[in-house]
Amino acid sequence: MRHWSFAEMREAFGFSLEQYLFFGGYPGSAALIDDRQRWGRYIIDTLVESTISRDILMMTRVDKPALLRRLFKLGCDYSGQMLSYQKMVGQLQDVGNTTTLAHYLDLLEGAGMVAGLQKFAGQSVRSRASSPKLQVLNTALLSAQSPYDLAAAMEQRDWWGRLVESAVGAHIMNCIVGSDIECFYWREGSLEVDFVLRRGGMVVAIEVKSNRSKETLPGMDAFALAFKPQIKLLVGGQGISIGEFLATPVDVWLAEK
């Protein structure tokens, strides 16, 4: 069962785009959004804790459950950012090895919480060796652990921008569950593309902008030169609106023309 989409939360509960970005796609929490503190405790205590303690630990052997919890928190704190496994080990202050962290990240992804996107390299071996880009699979996991309510969050330009990108990434990851579509990121030096989708030989590059400034996209230009994607999408800014993208199934963008 995937997280609920923007279209589903809008139809069932009348969520605005801003409410969906902040409160995410947990239908059970929709009745609590007017009480920020109660909503946050519900997400953390009822959903997160039960998922880690019951769904993961009771079905899979986890030698370091405390490390798993800290890795989940790290994934939320750094959602939308690349972080090498070596840096994760340092951040988590654990003597465990990077293989354990990679395994725990897979468990968190399987539980619908946090994923690690691999770098698009055109070669699977190089891709698997890359630093993962951490990605929450429901923005409620990010918001519930923040100090902000919705109004305050919208005033925090950098934080809100990261939330928007995380919402786009979560939408992509939830849409491609059980499909043959793969999702990556791409970065070379200071040049970056937020998301790269691949289905067979078709490649779609996606850049996310949370404001309407007419910025150039050097990362997209460099990626297009190197890999020649069939489709380049700008989500937000002067491109496709955030709301339209979140209300559209991802496979639409990879449909054969």
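Numbers for the structure displayed
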{"item": "Condition met for Trp186 (out of contact with any Asp or Glu (no Cβ under 9 Å at 6 or more places or on another chain) and either surrounded by 16 or more Cβ atoms within 10 Å (Cβ to Cβ) or under 16 Å from Gln81 (Cβ atoms) (or both))", "result": "no"}
{"item": "Looking only at the range 92-113, and only at residues there that are under 15 Å from Ala66 (Cβ atoms) and loosely packed, with under 15 Cβ neighbours inside 10 Å, the one that is farthest from the chain's Cα centre (by Cα)", "result": "Val95"}
{"item": "Per-region count, the range 19-35, residues within 17 Å of Ala167 (Cα to Cα) and surrounded by fewer than 16 Cβ atoms within 10 Å (Cβ to Cβ)", "result": "1"}
{"item": "Options Phe22, Phe13: the member that is of a type in the set (Phe, Trp, Tyr), more than 18 Å from Gln145 (Cβ to Cβ) and at pLDDT 90 or above", "result": "Phe13"}
{"item": "Which listed residue, of Gly200, Gly122, Gly169, is in contact (Cβ under 8 Å) with a residue 12 or more places away in the chain and buried (at least 18 other Cβ atoms within 10 Å of the Cβ)", "result": "Gly169"}
{"item": "Filter pass, Asn138 being buried (at least 22 other Cβ atoms within 10 Å of the Cβ), polar (S, T, N, Q), touching a Gly at 6+ places or on another chain (Cβ under 9 Å) and assigned to a loop (DSSP other than H, G, I, E, B)", "result": "yes"}
{"item": "Yes/no for Ser241 being under 30 Å from Ala152 (Cβ atoms) and surrounded by fewer than 18 Cβ atoms within 10 Å (Cβ to Cβ)", "result": "yes"}
{"item": "Residue check for Ser130: outside any strand (DSSP E or B), at pLDDT 95 or above, within 20 Å of Glu182 (Cβ to Cβ) and among the hydroxyl-bearing types (Ser, Thr, Tyr)", "result": "no"}
{"item": "Given (1) in contact with a helix residue (DSSP H, G or I) (Cβ under 7 Å, 6 or more places away or on another chain); (2) part of a loop (DSSP other than H, G, I, E, B), number of the condition His171 does not satisfy", "result": "(2)"}
{"item": "Residues located in the range 1-16, provided they are crowded, with 18+ Cβ neighbours inside 10 Å, among the hydrophobic types (A, V, I, L, M, F, W, C) and over 17 Å from Val136 (Cα atoms)", "result": "Met9, Phe15"}
{"item": "Some residue of the range 94-116 being at pLDDT below 85 and hydrophobic (A, V, I, L, M, F, W, C)", "result": "yes"}
{"item": "Subset of the range 29-45 [touching a helix residue (DSSP H, G or I) at 6+ places or on another chain (Cβ under 8 Å) and either at pLDDT below 95 or among the charged types (D, E, K, R) (or both)]", "result": "Arg36, Arg38"}
{"item": "Residue within the range 219-230 that is in a helix (DSSP H, G or I), in contact (Cβ under 8 Å) with a residue 12 or more places away in the chain, within 30 Å of Glu155 (Cα to Cα) and not β-branched (Val, Ile, Thr) present", "result": "yes"}
{"item": "All helices (runs of 4 or more DSSP H) inside the range 1-118 with 1 or more residues being of a type in the set (Lys, Arg) and under 30 Å from Gly243 (Cα atoms)", "result": "6-13, 36-41, 65-77"}
{"item": "Boolean, Val203 is within 15 Å of Gly122 (Cα to Cα), out of contact with any Asp or Glu (no Cβ under 9 Å at 6 or more places or on another chain) and among the aliphatic types (A, V, I, L, M)", "result": "yes"}
{"item": "Count of residues meeting criterion [in contact with a helix residue (DSSP H, G or I) (Cβ under 8 Å, 6 or more places away or on another chain), touching a residue at least 24 places away in the same chain (Cβ under 8 Å) and buried (at least 19 other Cβ atoms within 10 Å of the Cβ)] in the range 68-89", "result": "8"}
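The values are calculated or read from the model by the stated rules, or taken from the named source; none is laboratory data. Source: prediction; values computed, not measured. Heads up, the Cβs are rebuilt from the backbone with ideal geometry, glycines too, and the neighbour counts pull from every protein chain shown.
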